[in-house]
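Working notes, structure below.
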Amino acid sequence: MSSASAPALALRGIDKRFGAVHANRAVSFSAAAGSIHGLVGENGAGKSTLMNIVYGYYPPDAGEIEVGGKRVTIRRPSDAIAAGIGMVHQHFMLVENFTVLENIVLGSGGRGGMRAELNRARTELARIGRDYGLEAPLDEPIEELPVGVQQRVEILKALYREARILILDEPTAVLTPREADQLFLLLDRLRAEGKTVILVTHKLREVMAITDQVTVLRQGQVVSTLATRETSPSDLAEKMVGRAVALRVEKKPRSPGPVALSVEGLEVRDRWGVVRLRDASFELRQGEIVAIAGVAGNGQSELLSALAGLCQASAGKIVLQGREVGGGETAAVERRRLGLAYVPEDRLKEAIVGRFAAEDNAVLGRHDGRPCTGRFGFLDRAAIRRGCEQKMADWDVRPAEPERRMGAFSGGNQQKLVLAREIEAGPAVLIIGQPTRGVDIGAIEFIHRRLVELRDAGKAVLVVSVEMDEIMGLADRILVMTGGSIVGQLTRAEATEERIGLLMAGVPAGSPSA
């Protein structure tokens, strides 16, 4: 095969084991030059492992990699970069206290000295920014930038290194809908210029919208590779999971009960005194799911933290189970005792400790009583192990290894264990941020079903999500936030994506435009 007609990237029989876990099983597929190739599968199906092999983070146990029809040996990321492969990881590989420019040139060799390299990079990045609409503040530290801009930096880094093949691992997991749309415009432009994109995602709407071909992995094996136009979301979901999957949330109408959580005039300021949440007031009743819609960064995170007792409100009051709750160092503990459970938006920073075992994460914050604490106040390790094993069985956490380091689990399995920890504590009120962020289609169906079961058991559930499909599927009532304020409320019967979008854009409910 001539290099002109050869696929941009071809994998032949890639096999990889991690101890007893067979992550990739003789995986073979190819991606054409000038195409966007989707790679889908459940969490734990082997997608990220496979791409980490292509990028040189793991050596394959068997198999070959071809780039442009030529076999290449990739032992480390520098080999992949030399072969024209770039990768943007789900969790960005950036040094937070370095500037954008320093991150981009990091590891590039410093031809002629670092100062010369920085000057050369500044000129080249200005050109790339103009050509692709990827301008970034080169002299700003990464830690000062929102996640959408950080992802832009990762893509700039790959293009600066002249990548012809770009691997994106769950690229929209941390993006707003508008940022995701901007990303897809960029990918379309890269495809038009002959570059190849491998899009690793669990979002089937994105696969159908942007890819040319799609490969489905299940339990480390290729199930199918097919043209996107020849498939459908339901067909892909069934191939991914091995059974028919409900892509819509099934729930019956319910009549909400008494108020479980009341919020009145809540205000939160950041450490510089800037108001991030202003005059938030609403009620959450037993037996209902209330969803908060809005572009990330409009006060939702501050609202969740204030409700959980993790930050001090500067004004307003919170009444939980008929009792007004205060602030202070013990606020979060007091609210747990009153029946509040909290699943934060960022599980990696706030919900788990990656280096701890799964069994320890399964009792974080809930270890100071039976059955975790035995005689004389010591932890009952056997009881903790049994409890984790039961949660893993009930919530289909894979692999079911309580002693496994939590950071070694896929995002979906981490999320299921966090939810198991909070929900099985029997809360009266559950507040949860981004319940299915970075979670595959099978796990999404599972998590949604559990949240509906909680609501049907008479519990109160507050969901913050940037996924419109999730909000429309789960919610009995919808609150819309923008600019740190709740700007509208809709019943599910009243809600449409257009009306919610207008409220998010600041158009008041009841105006002619709405």
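The values are calculated or read from the model by the stated rules, or taken from the named source; none is laboratory data. Bear in mind that the values here come from a model prediction, so they are computed numbers and not experimental data. Neighbour counts are summed over all protein chains in view; Cβ atoms, including those assigned to glycine, are modelled from backbone coordinates with ideal geometry. Heads up: the accessible areas ignore ligands, DNA and RNA and are worked out on the full protein's heavy atoms, side chains in. Shrake-Rupley method; radii C 1.70, N 1.55, O 1.52, S 1.80 Å.
So which residues in the range 311-320 are surrounded by fewer than 18 Cβ atoms within 10 Å (Cβ to Cβ) and either at pLDDT 95 or above or small (Gly, Ala, Ser) (or both)? If the condition is that a residue be surrounded by fewer than 18 Cβ atoms within 10 Å (Cβ to Cβ) and either at pLDDT 95 or above or small (Gly, Ala, Ser) (or both), then 314, 315, 316, 317, 319 are the ones that fit. Look at the range 229-250: where a residue is over 10 Å from residue 214 (Cβ atoms) and open to solvent by 50 Å² or more (accessible area, probe 1.4 Å) and a partner is in a loop (DSSP other than H, G, I, E, B) and of a type in the set (Gly, Ala, Ser), sitting 6+ places away or on another chain with Cβ atoms under 9 Å, you get 234/244; 238/244. Of all positions in the range 134-157, none carries a residue that is over 19 Å from residue 197 (Cβ atoms), surrounded by fewer than 17 Cβ atoms within 10 Å (Cβ to Cβ) and small (Gly, Ala, Ser).
Considering every residue within the range 453-470, establish whether at least one is closer than 16 Å to residue 247 by Cα, open to solvent by 20 Å² or more (accessible area, probe 1.4 Å), among the charged types (D, E, K, R) and out of contact with any helix residue (DSSP H, G or I) (no Cβ under 8 Å at 6 or more places or on another chain). Spell out how you get there, then give the answer.
From the range 453-470, those closer than 16 Å to residue 247 by Cα are 467-470; that's our starting set.
From what is left, the residues that are open to solvent by 20 Å² or more (accessible area, probe 1.4 Å) are 467-469.
If we keep only those that are among the charged types (D, E, K, R) too, we end up with 467, 469.
Next, only the ones that are out of contact with any helix residue (DSSP H, G or I) (no Cβ under 8 Å at 6 or more places or on another chain) stay: 467.
Yes: the range 453-470 contains one or more residues that are closer than 16 Å to residue 247 by Cα, open to solvent by 20 Å² or more (accessible area, probe 1.4 Å), among the charged types (D, E, K, R) and out of contact with any helix residue (DSSP H, G or I) (no Cβ under 8 Å at 6 or more places or on another chain).
Beta carbons closer than 7 Å, at least 6 apart along the sequence or on distinct chains, pair a first residue in the range 181-207 that is part of a strand (DSSP E or B) with a second that is of a type in the set (D, E, K, R) for 196/164; 197/191; 200/47; 200/169; 200/170. In summary, strands (runs of 3 or more DSSP E) completely within the range 38-134 and bearing 2 or more residues that are of a type in the set (A, V, I, L, M, F, W, C) and modelled with pLDDT of 85 or more occur at 62-67, 85-88. Per the conditions (1) touching a residue at least 60 places away in the same chain (Cβ under 8 Å); (2) under 15 Å from residue 38 (Cα atoms); (3) part of a helix (DSSP H, G or I), the sole criterion not satisfied by residue 159 is (2).
Among strands (runs of 3 or more DSSP E) lying entirely in the range 409-514, which contain 3 or more residues that are farther than 12 Å from residue 289 by Cα?
Those strands (runs of 3 or more DSSP E) span 477-482, 485-491.
Looking at 23, 10, 6, which is the one that is open to solvent by less than 40 Å² (accessible area, probe 1.4 Å), closer than 23 Å to residue 188 by Cα, assigned to a strand (DSSP E or B) and in contact (Cβ under 8 Å) with a residue 24 or more places away in the chain?
Result of the check over 23, 10, 6: 10.
For the subset of the range 138-164 comprising residues that are over 20 Å from residue 97 (Cβ atoms) and of a type outside the set (A, V, I, L, M), which member is modelled with the highest pLDDT? Checking each candidate, the answer is 164. Mind checking whether some residue in the range 96-119 is closer than 30 Å to residue 203 by Cα and surrounded by fewer than 19 Cβ atoms within 10 Å (Cβ to Cβ)? Taking every residue of the range 96-119 in turn, at least one turns out to be closer than 30 Å to residue 203 by Cα and surrounded by fewer than 19 Cβ atoms within 10 Å (Cβ to Cβ).
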